[in-house]
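The structure appears below as structure tokens.
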Amino acid sequence: MAKRKVNVALIGYDFMGRAHANAWRQVGRFFEDLPLEPVLKVIVGRTERKVAEARARLGFEEYATSYREVLGRKDIDVVDICTPGDSHMEIAMFAAEAGKAILCEKPLANNVAEAERMLAAVTRSEVVHMLCHNYRRCPAVALAKQLIDEGQLGELRHYRGTYLQDWLVDPEFPRVWRLQKARAGSGSLGDILSHTMDLSRYLVGEPREVSASLTTFIPERPLPEDPARRGAVDVDDAAQALVRFERGAIGYYEGSRFAPGRKNYNRFEINGAKGSLVWDLERLNELQLYIESGPQSGFRTISATDPKHPFMAAWWPPGHIIGYEHSFVHTVYDFLRGLATHTSPRPNFEDGVQNQRVLDAISRSATSGRWETVESASTRG
Ligand SMILES: NC(=O)c1ccc[n+]([C@@H]2O[C@H](COP(=O)([O-])OP(=O)(O)OC[C@H]3O[C@@H](n4cnc5c(N)ncnc54)[C@H](O)[C@@H]3O)[C@@H](O)[C@H]2O)c1
């Protein structure tokens with residue numbers, strides 16, 4: 001039987017635009033049980049020449065330069081937001097009012113108030129919503145979640161999460177949008193530590209309080225449009241936080257774009273009463289598992305490429321590894337399954353609000369020099 005088609009409008013066509021376009025294109029070719037058929041309908045950008053090129057390269061039927069016009073169209077079902085944080089709220093609010101299902105890149109917004117308004121809008125409009133923290137859907141990470149939920153690690157004690165890159169080490173690297181608070185909301189905090197923190201919420205539970213520091217090493221950088229002039233960097237270059245979780249575990253988050261040699265070192269280690277787990281994005285198919293009662297004294301490496309592992313039945317035979325882009329395919333797969341049943345898969349905008357509250361507590365602690373409590377629906381009363 002023919003599947004119902006859903007028309008996708010993708011906003012933004014660079015890094016994440018390309019990753020998401022690939023995901024929408026590939027998902028139906030591999031996941032045979034996909035309930036809906038996505039159509040790459042229209043790609044939206046501000047510069048006509050560039051968005052026209054992107055349309056041809058990424059395989060969309062049409063391009064447009066006004067997202068408002070596109071979202072006003074009756075034939076658009078899904079809006080996929082792949083733009084910097086300062087535009088997420090405006091686009092999502094407009095999309096929600098137009099009754100479109102929304103997939104939004106992380107972090108949901110640039111602050112808690114914006115995130116809350118976005119959640120209120122999707123709740124009011126009753127549209128399906130999801131936040132793209134794609135690392136939850138690397139098979140080895142989803143397998144880690146299964147093992148934890150089965151109790152294989154016992155009571156969780158430690159979460160150590162680091163996300164390190166090195167693209168800002170050169171002081172002459174230009175002041176791109178990621179280095180401006182008005183555009184990005186924060187620096188390494190929202191850009192990469194947010195992934196580490198989201199994974200901790202997925203795997204360990206809710207962070208209750210944090211003690212943090214934010215550091216800016218290079219306060220001025222050349223302006224991209226005029227390298228002879230310099231502009232202020234008003235976001236953190238590196239963010240660190242000690243964390244106490246609600247269920248008793250303790251932990252640590254670190255995000256830095258100043259770690260020479262570390263290209264995309266997104267790694268966590270979890271220690272429980274009965275065992276430990278380690279994962280590193282740069283070896284994304286592998287999960288290191290140590291079980292205290294096991295026959296061996298060391299960690300063993302699970303290749304999470306078996307059909308019994310999450311998402312892997314759709315791909316290749318065991319041992320035929322997958323890559324970074326597949327995490328986005330898995331994200332849109334779950335998004336479309338949610339859309340078919342009118343449910344908002346996790347992480348959704350509710351998680352986006354809670355994630356933003358954790359980032360906010362980290363910022364507050366960096367300013368106050370004290371432990372700060374993470375606001376939550378329950379602490380607000
Ligand atoms: N999930 C992940 O792992 C991951 C990785 C990188 C970035 N991101 C997130 O994705 C989003 C985009 O980041 P990116 O790396 O793709 O950035 P990018 O700079 O590569 O691309 C941004 C795109 O948005 C367009 N754009 C900017 N402002 C716009 C506006 N007001 N209206 C319409 N289009 C606009 C730009 O022209 C460009 O095409 C950010 O929220 C970022 O945090 C997520």
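Some values worked out for this structure:
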| item | result |
| --- | --- |
| Candidates 115, 184 - the one that is more than 20 Å from residue 240 (Cα to Cα) and within 17 Å of the chain's Cα centre (by Cα) | 115 |
| Test: residue 242 is more than 23 Å from the chain's Cα centre (by Cα) and of a type in the set (A, V, I, L, M) | no |
| Condition broken by residue 347, with the remaining ones in (1) open to solvent by 20 Å² or more (accessible area, probe 1.4 Å); (2) not in a helix (DSSP H, G or I) satisfied | (1) |
| Residue within the stretch 217-224 that is more than 16 Å from the ligand (Cβ to nearest atom), aliphatic (A, V, I, L, M) and under 24 Å from the mean Cα position of the chain (by Cα) present | no |
| In the stretch 310-341, the residues that are more than 19 Å from the chain's Cα centre (by Cα) and either within 16 Å of the ligand (Cβ to nearest atom) or open to solvent by 40 Å² or more (accessible area, probe 1.4 Å) (or both) | 313, 316, 317, 318, 319, 320, 321, 340, 341 |
| First in the stretch 96-107 and closer than 14 Å to residue 345 by Cα, second anywhere and open to solvent by 10 Å² or more (accessible area, probe 1.4 Å) and more than 16 Å from the ligand (Cβ to nearest atom), Cβ under 7 Å, 6 or more apart | 101/77; 101/127; 101/339; 102/127 |
| Out of 186, 200, sole residue that is open to solvent by less than 10 Å² (accessible area, probe 1.4 Å) and of a type in the set (Ser, Thr, Tyr) | 200 |
| Exclusive hit being in contact with a helix residue (DSSP H, G or I) (Cβ under 8 Å, 6 or more places away or on another chain), closer than 19 Å to residue 338 by Cβ, at pLDDT 95 or above and within 12 Å of the ligand (Cβ to nearest atom), set 119, 131, 58 | 131 |
| Every residue from the stretch 245-271 that is open to solvent by 20 Å² or more (accessible area, probe 1.4 Å) and of a type in the set (S, T, N, Q) | 264, 271 |
| Filter result (open to solvent by 30 Å² or more (accessible area, probe 1.4 Å) and over 18 Å from residue 184 (Cα atoms)) within the stretch 100-129 | 119, 120, 123, 124, 125, 126 |
| Whichever residue in the stretch 8-25 is away from the ligand (no atom under 12 Å from the Cβ) and surrounded by fewer than 18 Cβ atoms within 10 Å (Cβ to Cβ) and, among such residues, is farthest from residue 324 (Cα to Cα) | 25 |
| Hey, residue 97 more than 12 Å from the ligand (Cβ to nearest atom), farther than 30 Å from residue 192 by Cβ, open to solvent by 70 Å² or more (accessible area, probe 1.4 Å) and in contact with a Ser or Thr (Cβ under 8 Å, 6 or more places away or on another chain) or not | yes |
| Residues of the stretch 170-182 satisfying the condition of being closer than 13 Å to residue 219 by Cα and surrounded by 16 or more Cβ atoms within 10 Å (Cβ to Cβ) | 175, 179, 180, 181 |
| Selection from the stretch 52-93 of residues that are more than 21 Å from residue 332 (Cβ to Cβ) and outside any loop (DSSP other than H, G, I, E, B) | 52, 53, 56, 68, 69, 86, 89, 90, 93 |
| Residue in the stretch 31-47 that is open to solvent by 20 Å² or more (accessible area, probe 1.4 Å), at pLDDT 95 or above and within 11 Å of the ligand (Cβ to nearest atom) present | yes |
| Filter result (in contact with a Leu (Cβ under 9 Å, 6 or more places away or on another chain), closer than 23 Å to residue 195 by Cα and not in a strand (DSSP E or B)) within the stretch 267-308 | 304 |
| Set 80, 75: member being touching a His at 6+ places or on another chain (Cβ under 6 Å) and either away from the ligand (no atom under 11 Å from the Cβ) or in contact (Cβ under 8 Å) with a residue 24 or more places away in the chain (or both) | 80 |
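The values are calculated or read from the model by the stated rules, or taken from the named source; none is laboratory data. Please read these numbers as outputs of a predicted model, since none were measured by experiment. Because the Cβ atoms are built from the backbone with ideal geometry, glycine has one as well, and the counts that use them run over all protein chains shown. Remember, those area values only see protein heavy atoms, side chains included, never the ligands or the DNA or RNA. Shrake-Rupley method; radii C 1.70, N 1.55, O 1.52, S 1.80 Å.
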